[in-house]
Ligand code: HPA
């Protein structure tokens, strides 16, 4: 047991999928995993372990934003020995060629969060994906004939920023989309010498103000889950 995860030491697999929404964790466990069992109900931040094509895999909700995901990742890496972590989430596109429903593999994560300024005493750390997981996920997407975008994204602390034009600065420097957790996942993976990758579906475009319907989100979400699970199995 850790402070926020009420699981026995061996109840969590070495490979884990990390959606923000705990009900998404339950959906994945019920629709994609064989023999799922729920190991955590603390704060309703559900976590499950089952198998996918015979490989033991867990799926854990993380909540929204860097402080929330930080708690779960710290405990999963430090207390449960998780080796490979794949975040699956949604993002807002900030490039015209990155369309709603597209999938992004986040190569790096810039951030407006202050957490790494504090951690590194004002120095800048570059949160980066595991090349092994990124390369595997990219290869699987190619064989499925699905185009994925690979590039830098932004992990922001503000879903509702004070300056609604703020995204344009990140866009000028080539960032593809904005979400709220990846920079902390990659930083903690570096700290604990583990592997991490963030897969995102584009739920809305900050460029055009388009948004996906709930039904569309579910369909692209299912593709992203399959890509994450296949990557988890072959990496
Ligand atoms: N901002 C931050 N996170 C997000 C967004 C956004 O516009 N869309 C989906 N996740």
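If you check every pair at least six apart or on different chains, which have Cβ atoms under 6 Å apart with a residue in the range 161-183 that is over 19 Å from residue 69 (Cα atoms) first and a residue that is more than 9 Å from the ligand (Cβ to nearest atom) and assigned to a loop (DSSP other than H, G, I, E, B) second?
From the range 161-183, the pairs are 176/95; 176/98.
Please enumerate the residues belonging to the range 118-167 that are farther than 30 Å from residue 226 by Cβ, within 16 Å of the ligand (Cβ to nearest atom) and surrounded by 13 or more Cβ atoms within 10 Å (Cβ to Cβ).
Matches in the range 118-167: 157, 158, 161, 166.
Being in contact with a strand residue (DSSP E or B) (Cβ under 9 Å, 6 or more places away or on another chain) and at pLDDT below 95 is the filter here; which residues of the range 143-154 pass it?
146, 147
Filter the range 196-211 down to residues that are more than 10 Å from the ligand (Cβ to nearest atom) and touching a residue at least 40 places away in the same chain (Cβ under 8 Å) and give me whichever is farthest from residue 152 (Cα to Cα).
210
Among the residues of the range 16-23, are any in contact (Cβ under 8 Å) with a residue 60 or more places away in the chain and out of contact with any helix residue (DSSP H, G or I) (no Cβ under 7 Å at 6 or more places or on another chain)?
Yes - at least one qualifying residue is present in the range 16-23.
With (1) under 18 Å from residue 176 (Cβ atoms); (2) buried (at least 23 other Cβ atoms within 10 Å of the Cβ) as the list, and residue 231 as the residue in question, which single condition is left unmet?
For residue 231, the exception is condition (1).
Could you grab me the full set of residues in the range 85-104 that are under 12 Å from the mean Cα position of the chain (by Cα) and either more than 16 Å from the ligand (Cβ to nearest atom) or more than 25 Å from residue 202 (Cβ to Cβ) (or both)?
85, 86
Could you count how many residues in the range 181-208 are in a loop (DSSP other than H, G, I, E, B) and surrounded by fewer than 24 Cβ atoms within 10 Å (Cβ to Cβ)?
The number of residues fulfilling the criteria is 5.
Given the criterion modelled with pLDDT of 95 or more, within 12 Å of the ligand (Cβ to nearest atom), out of contact with any helix residue (DSSP H, G or I) (no Cβ under 6 Å at 6 or more places or on another chain) and farther than 20 Å from residue 201 by Cβ, identify the matching residue among 112, 79.
Being modelled with pLDDT of 95 or more, within 12 Å of the ligand (Cβ to nearest atom), out of contact with any helix residue (DSSP H, G or I) (no Cβ under 6 Å at 6 or more places or on another chain) and farther than 20 Å from residue 201 by Cβ holds for just one of 112, 79, which is 112.
Which residue is farthest from the ligand (Cβ to nearest atom), if the candidates are limited to the range 168-180 and must be in a helix (DSSP H, G or I) and farther than 18 Å from residue 105 by Cβ?
Only one residue tops the list, namely 172.
The values are calculated or read from the model by the stated rules, or taken from the named source; none is laboratory data. This one's a predicted model, so the numbers in the text were calculated from it and none came from an experiment. When we count neighbours, we look across all protein chains shown, and the Cβ atoms used for this are built from the backbone with ideal geometry, even at glycine.
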